[in-house]
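Below is one structure; the comments refer to it alone.
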Amino acid sequence: AQIDDENQLYASVAVGQREPLRTDLKDGAKGTDPTPILPERMIDYEVGYRFNNDNGIHLGANVYFMDYSNQMVQTGKLNDVGYKLMENVKDSYRTGIELEAGISFLEKFWFDANATFSHNKIKNYIAYFDQYTNPTDYEWVGQISKVYDKTDISYSPNIVSAVGLSYQPSSEWIFNILGKYVGKQYLDNTSDDSKSIDAYFTSNLMAGYTFKNTPIGQISVQGFINNLFNSEFVANGWAATDTFLDGSTINYVGYYPQATRNFLLRILISF
């Protein structure tokens, strides 16, 4: 609903369905007790507000609730060629609020920011762990299970945000600095701190110049300094747990460290 020239309210209900990939189907069919991967179905409820005015101010807020049936989520494990293994969880949801803001000032500057605060939960989740005789013999004896009334969905941070500042002194030059924050993530669906990725913040700097009306068209040259402050962080990983007859466990966790400060040059030609 368009309240006036500057204010807008909206609401929506949408239904989506996602099919498993071929690899998901193949991995789900392996083993002596195969569990087929089923398509997931999601009903998305959203309500939001937007504000725009002629002074270059933009504000937005969106509240959402995504209700899933048989959502496909990562187990945290990898198959024999390093592909992530998926499983269905019968009852799960993602809910939160998305905020965004932007403002232009001094004619040549633009500031924008956005953030998502969410809860991503599985209800009545059953985790299965391989069980072995002991850490020395390591003879497989079967699997055990553990029930979680409510647990976090893997690889689903509760906070994701970004903030950027752009400066365009002329139609040819543009400069931008962008910072991104990603909250803590769990590597499986058990909300176990020992199988998680710490929150991280990283920044990128970009400078660009556009050569207009050259003999071959318009040429844009852009230089990037990625991870400007040389942060050491992990953005992904995997995890698995083995259990033993005496009640002890061993967690296996792998991390994928990201590049420290690095540089990129990009040339775009339009004709």
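The values are calculated or read from the model by the stated rules, or taken from the named source; none is laboratory data. This is a predicted model, so every value here is computed, not measured. Please note: Cβ atoms are built from the backbone with ideal geometry, for glycine as well, and neighbour counts cover all protein chains shown. When the accessible area is computed, the model is the full protein with side chains, heavy atoms only, and any ligands, DNA or RNA have been set aside. Shrake-Rupley method; radii C 1.70, N 1.55, O 1.52, S 1.80 Å.
Restricting to the stretch 137-160, what's the tally of residues that are closer than 30 Å to ASN176 by Cα and either outside any strand (DSSP E or B) or more than 22 Å from the chain's Cα centre (by Cα) (or both)?
Residues that pass the stated criteria total 4.
Tell me, please, whether a residue that is under 30 Å from ILE126 (Cβ atoms) and not hydrophobic (A, V, I, L, M, F, W, C) can be found in the stretch 158-172.
Within the stretch 158-172, one or more residues are under 30 Å from ILE126 (Cβ atoms) and not hydrophobic (A, V, I, L, M, F, W, C).
Can you tell me which residue is least open to solvent (accessible area, probe 1.4 Å) among those in the stretch 166-194 that are hydrophobic (A, V, I, L, M, F, W, C) and in contact with a Gly (Cβ under 9 Å, 6 or more places away or on another chain)?
Here the answer is LEU187.
Give the stretch 223-246 a look and list any residue that's open to solvent by 60 Å² or more (accessible area, probe 1.4 Å) and closer than 30 Å to SER191 by Cβ, or say none.
Listed by number, the residues that qualify are GLU232, ASN236, TRP238, LEU245, ASP246.
Select from the stretch 61-86 the residues that are of a type outside the set (A, V, I, L, M, F, W, C) and in contact with a Gly (Cβ under 7 Å, 6 or more places away or on another chain) and write down the one among them that is farthest from GLU40 (Cα to Cα).
ASN62
Find the residue count for the stretch 34-46, including only residues that are surrounded by 14 or more Cβ atoms within 10 Å (Cβ to Cβ) and of a type outside the set (Phe, Trp, Tyr).
8
So, of the residues in the stretch 141-160 that are polar (S, T, N, Q) and open to solvent by 30 Å² or more (accessible area, probe 1.4 Å), which turns out to be modelled with the highest pLDDT?
My answer is ASN158.
Given the criteria part of a helix (DSSP H, G or I) and touching a residue at least 40 places away in the same chain (Cβ under 8 Å), does THR23 qualify? Steps first, please.
Numbers: part of a helix (DSSP H, G or I): yes; touching a residue at least 40 places away in the same chain (Cβ under 8 Å): yes.
So THR23 passes the test.
Name the pairs: first residue in the stretch 180-200 and over 20 Å from ASN88 (Cβ atoms) and hydrophobic (A, V, I, L, M, F, W, C), second residue assigned to a loop (DSSP other than H, G, I, E, B) and open to solvent by 10 Å² or more (accessible area, probe 1.4 Å), Cβ to Cβ under 8 Å, at least 6 apart or on different chains?
These pairs meet every condition: VAL182/PRO157; VAL182/ALA199; ILE197/LYS184; ALA199/PRO157; ALA199/LYS184.
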